[in-house]
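Input: a single structure, listed below in structure tokens.
The values are calculated or read from the model by the stated rules, or taken from the named source; none is laboratory data. Bear in mind that the values here come from a model prediction, so they are computed numbers and not experimental data. Because the Cβ atoms are built from the backbone with ideal geometry, glycine has one as well, and the counts that use them run over all protein chains shown.
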Protein chains: 4
Amino acid sequence: MASTSRSGAPPASGGPVDPVLIEDLVAASRILAAEGVLDGYGHVSMRHPGDPNRYLMSRSLAPALVTAADIIELDLESNPVDARGRTMFRERFIHGMIFKARPDVMAVVHSHSPAVIPFGITQVAMRPAFHMAAFLYRQPPVFEIRDVAGWTNMLITSNRLGAALADTLGQNPVALMRGHGNVVVGPSLPVAVFRAIYTEVNARLQTIALTLGGPINYLAPEEGDIITNKEPGDVGRAWNLWKTKALGK
Amino acid sequence: MASTSRSGAPPASGGPVDPVLIEDLVAASRILAAEGVLDGYGHVSMRHPGDPNRYLMSRSLAPALVTAADIIELDLESNPVDARGRTMFRERFIHGMIFKARPDVMAVVHSHSPAVIPFGITQVAMRPAFHMAAFLYRQPPVFEIRDVAGWTNMLITSNRLGAALADTLGQNPVALMRGHGNVVVGPSLPVAVFRAIYTEVNARLQTIALTLGGPINYLAPEEGDIITNKEPGDVGRAWNLWKTKALGK
Amino acid sequence: MASTSRSGAPPASGGPVDPVLIEDLVAASRILAAEGVLDGYGHVSMRHPGDPNRYLMSRSLAPALVTAADIIELDLESNPVDARGRTMFRERFIHGMIFKARPDVMAVVHSHSPAVIPFGITQVAMRPAFHMAAFLYRQPPVFEIRDVAGWTNMLITSNRLGAALADTLGQNPVALMRGHGNVVVGPSLPVAVFRAIYTEVNARLQTIALTLGGPINYLAPEEGDIITNKEPGDVGRAWNLWKTKALGK
Amino acid sequence: MASTSRSGAPPASGGPVDPVLIEDLVAASRILAAEGVLDGYGHVSMRHPGDPNRYLMSRSLAPALVTAADIIELDLESNPVDARGRTMFRERFIHGMIFKARPDVMAVVHSHSPAVIPFGITQVAMRPAFHMAAFLYRQPPVFEIRDVAGWTNMLITSNRLGAALADTLGQNPVALMRGHGNVVVGPSLPVAVFRAIYTEVNARLQTIALTLGGPINYLAPEEGDIITNKEPGDVGRAWNLWKTKALGK
């Protein structure tokens, strides 16, 4: 049973977390719902700020309804430190296995981001239509659950499937999941949220550009690399706006 | 006159209904309006929890305005137990005849769900673009009122037409109605609402995928079958969100 | 100067109007803004209930801001009975000339309804995708201002141009205006509002259907005729919803 | 360092500005956010009403959050008169260099207006679909930052790049920026806001028209010229609506 550790005892806590950071995680959940990336489903997590082997995410709940009391601490096998009877997301293994495979990642978003879905079921690769989605200069891979598990309910309900998804993600910021959704990661919670939102926006813009017809002048890999790795934009400006709106203050 | 039973006396009531269930039906009506499946028109019904030969639905009213006082009990020929002067929906026969033909169905939605309309007037079959619409693995049939009634006002205004629609629906969860809308059914009210909403969402996603161009990797029938019949997703999570928003509490 | 009658004296009033009807006209203006048919521009009018040679419309003002105090009475040449210094719409002649040409028309909407604009500048005729837009079974003609006035500012700023537009409209419920917008008329204010809203909705649905590809099974003229002229739907149900939302009560 | 003048001393102020005009600038920022032209990014500026060599714009802040206290005065090299520790937009040089090159321009908007982005990365020229976007009769040029600076972070972060963009803009009201967004200018703040909003709306309508298929009957240059230069429409009507909504009063 994945919800307990091998010894049967729950994992130890990584220590108390600053309530300001918990509020950020709550805000992230509500922001992604408000911006149309999440609906009643999907989830966002952050690595424990004091212990890289723990992460934090909501109990199983619609993202728009999350509060600080809903946040659960888990180890990287997605065993809860103390669930206190709260139901956990069945797909939490997405988060644990990505945090395990990617030490640089501090936050993970899993969504059914609507405009992105069609790119996971067609042959059209996502490409950056504008600088806000520069991080897509690394073409998002597509995870095909059939290749690793045959006919399934499409969900990542085990560490084995989570590890397979993390393997497809590789060193990319985004991976699509065929017929399901996508995962987006970042070196901080605001950056992961930013990327999840602009992945959705970019999907809409790229669809329009493809409708207008080619050739399409996407951001060059050189431009994408500069923006993503050398001269990142001001994520905080949007984060402040989103948080203000999401928390109503 | 369809609004009275053959004997001329109104049908007997199936008994009192828990106000919590009535509130769910009110919520369903408002949810479907809030999510863009219904506008000023369309309706949702539930089978009477204590009598399979009765069902409950609103009087003729825009779905966003429905309250508990507007709910009417009807028999499966859509005669009201006690209309108390309230006007009934002219198309209530959709509901009665489906409840009659499908003992497994506990709730019915009839809508003019906008993104779905084009699939009823073109040759493009609806197919599941993602797992949230897995139930579409059974390709929705299209009801053609011309085949059974020639030139009409397009409405299902009699038990004869309701029975013809129920016949087209067969054992499917969804049937399209050419130039009109669709019907969606489920084994519970939340499931029917869920399916109505994700039928609309899926129509949008499939349209985008078709714009991007094929081949399109839809959910396989095997995947659709697993999700729909063996390992259903967590409908309650979205239902709680929708109900919280719809009832403002 | 079109704003005074030939004799120089203002036209006589058709008499006082029931405030309930004025409230309906205010509601119509706000409804059309709320439903996305009007933005900061466009207008709706109603024939004076007591005098077929007078009509009522707002002073020049964004439709969402209209109140009862903004309503002006005009004759069919669009001279005001008593403007009291209020600026009138420059395109009021659309309304006056249609009321003059069409005794059956009791209300007129002029809008830049966005989804409809493309049908006025391409060769694609509007056709009814569903029964809510059955009135489009009479294919809307397209008014080309170049044909009657050469190079202009595109506006209907005189009775001559208004009469030309009314001539193009003929006996139809809708006429498109190339590169500008459309006019919609009805035998009552709620019906005109209903038609303006569902002309916009139908334009969206028809565009999607055309994207999916033909052949497209539009409503047959026989079906359109039945719904429009013999068995009209329940406009009041939507009107009550729209009015409740628009007036916030 | 561009943020100080050559002498090292900050530029002198152009004098106090009527708070009503500052409120207009605040409103413009919020209007453009509310209408979907700006999201967390982008900015609007106005020339100083008392000194053509100064302009006013917000500190670096999401447009929806701007208040009067956030407005900074700058010279045309974009040095602040008195930043008081407030962070400035990195791309303020867009504004300064356009004000310098175009004495007729009194306001500048820079946005990532979403529907417009695809026109900057494809070969499809923007053309006016309706009279509200008549100003597009002068086909918007596309600025290609690669031509002047090679591989960059896509941003206009210097007076040199600002001057290059102003050069591409020339005497036009709109210029697209490949893979980034656009700039819109006007002879007044309301006109610049109006043009920014209807550039976005027109992009949506033109995309739909192209989907329906050609030939497309765009506004003729003669019509565009009349509306833009000889008989401009009533911008104030929309401005009053937008300002009322944006300032909540």
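Would you mind finding the one in A:Gly50, A:Gly40 that is surrounded by 20 or more Cβ atoms within 10 Å (Cβ to Cβ) and over 13 Å from the mean Cα position of the chain (by Cα)?
Numbers: A:Gly50 fails: surrounded by 20 or more Cβ atoms within 10 Å (Cβ to Cβ).
When all the criteria are applied, what remains is A:Gly40.
Which one of these does A:Val191 not meet: (1) surrounded by fewer than 24 Cβ atoms within 10 Å (Cβ to Cβ); (2) within 14 Å of chain D (Cβ to nearest Cβ); (3) among the aliphatic types (A, V, I, L, M); (4) over 15 Å from the mean Cα position of the chain (by Cα)?
So A:Val191 meets the others, but not (4).
For the stretch C:11-33, how many residues meet the condition of being closer than 14 Å to C:Met57 by Cα and in contact with a Phe, Trp or Tyr (Cβ under 8 Å, 6 or more places away or on another chain)?
So the count comes out to 1.
For the structure I just gave you, tell me whether C:Glu23 is touching a residue at least 12 places away in the same chain (Cβ under 8 Å), at negative phi and surrounded by 19 or more Cβ atoms within 10 Å (Cβ to Cβ). Can you show your working first?
Values: touching a residue at least 12 places away in the same chain (Cβ under 8 Å): yes; at negative phi: yes; surrounded by 19 or more Cβ atoms within 10 Å (Cβ to Cβ): no.
When the stated conditions are applied, C:Glu23 does not pass them.
If you go through the stretch C:179-188 one residue at a time, how many are in contact with a strand residue (DSSP E or B) (Cβ under 7 Å, 6 or more places away or on another chain) and surrounded by 21 or more Cβ atoms within 10 Å (Cβ to Cβ)?
Step one: list which residues in the stretch C:179-188 are in contact with a strand residue (DSSP E or B) (Cβ under 7 Å, 6 or more places away or on another chain), which gives C:181-186, C:188.
Okay, now just the ones that are also surrounded by 21 or more Cβ atoms within 10 Å (Cβ to Cβ), so C:181-186.
So the count comes out to 6.
Which one of the conditions (1) within 30 Å of C:Gly213 (Cα to Cα); (2) of a type outside the set (Ser, Thr, Tyr); (3) surrounded by fewer than 21 Cβ atoms within 10 Å (Cβ to Cβ) does D:Asn172 fail to meet, given that it meets all the rest?
Status for D:Asn172: all satisfied but (1).
Checking the conditions here, which among D:Thr228, D:Thr199 is assigned to a helix (DSSP H, G or I), more than 9 Å from every other protein chain (Cβ to nearest Cβ) and within 19 Å of C:Ile156 (Cα to Cα)?
Among D:Thr228, D:Thr199, only D:Thr228 is assigned to a helix (DSSP H, G or I), more than 9 Å from every other protein chain (Cβ to nearest Cβ) and within 19 Å of C:Ile156 (Cα to Cα).
Of the residues A:Ala115, A:Ala164, which single one is among the aliphatic types (A, V, I, L, M), within 14 Å of chain B (Cβ to nearest Cβ) and more than 15 Å from the chain's Cα centre (by Cα)? Spell out the reasoning first.
Values: A:Ala164 fails: within 14 Å of chain B (Cβ to nearest Cβ).
Answer to the check: A:Ala115.
Any residue in the stretch C:208-223 that is modelled with pLDDT of 95 or more, more than 9 Å from chain B (Cβ to nearest Cβ) and buried (at least 20 other Cβ atoms within 10 Å of the Cβ)?
No, the conditions are met nowhere in the stretch C:208-223.
Which residue, of C:Arg47, C:Arg30, C:Arg54, is under 24 Å from C:Ala163 (Cβ atoms) and touching a helix residue (DSSP H, G or I) at 6+ places or on another chain (Cβ under 6 Å)?
Checking each option against the conditions leaves just C:Arg47.
Has the stretch B:231-238 got any residue that is part of a helix (DSSP H, G or I), closer than 30 Å to B:Asp24 by Cβ and at the interface with another protein chain (Cβ under 7 Å from one of its Cβ atoms)?
If we filter the stretch B:231-238 for residues that are part of a helix (DSSP H, G or I), which is where we start, we get B:235-238.
If we keep only those that are closer than 30 Å to B:Asp24 by Cβ as well, we get B:235-238.
Those left that are additionally at the interface with another protein chain (Cβ under 7 Å from one of its Cβ atoms): B:237-238.
Yes, the stretch B:231-238 contains at least one residue that is part of a helix (DSSP H, G or I), closer than 30 Å to B:Asp24 by Cβ and at the interface with another protein chain (Cβ under 7 Å from one of its Cβ atoms).
Sort out which residues of the stretch D:71-87 are in a loop (DSSP other than H, G, I, E, B), among the β-branched types (Val, Ile, Thr) and either more than 14 Å from chain A (Cβ to nearest Cβ) or buried (at least 23 other Cβ atoms within 10 Å of the Cβ) (or both), and write them in order of number.
To start, the set of residues in the stretch D:71-87 that are in a loop (DSSP other than H, G, I, E, B) comprises D:76-79, D:81-87.
From the residues that got through so far, the ones that are among the β-branched types (Val, Ile, Thr) too are D:81, D:87.
Across the stretch D:71-87, the qualifying residue is only D:Val81.
Among the residues of the stretch A:235-249, what is the count of those that are surrounded by 14 or more Cβ atoms within 10 Å (Cβ to Cβ) and either under 19 Å from D:Met177 (Cα atoms) or without any contact (Cβ under 8 Å) to a residue 40 or more places away in the chain (or both)?
4
(1) within 21 Å of D:Gly96 (Cβ to Cβ); (2) more than 10 Å from every other protein chain (Cβ to nearest Cβ): which one isn't true of D:Phe135, the others all being true?
Here D:Phe135 meets the rest and fails (1).
When only residues in the stretch B:34-70 that are in contact (Cβ under 8 Å) with a residue 40 or more places away in the chain, touching a Gly at 6+ places or on another chain (Cβ under 9 Å) and within 14 Å of chain C (Cβ to nearest Cβ) count, which is nearest to B:Val105 (Cα to Cα)?
Checked the stretch B:34-70; the qualifying residue nearest to B:Val105 (Cα to Cα) is B:Gly42.
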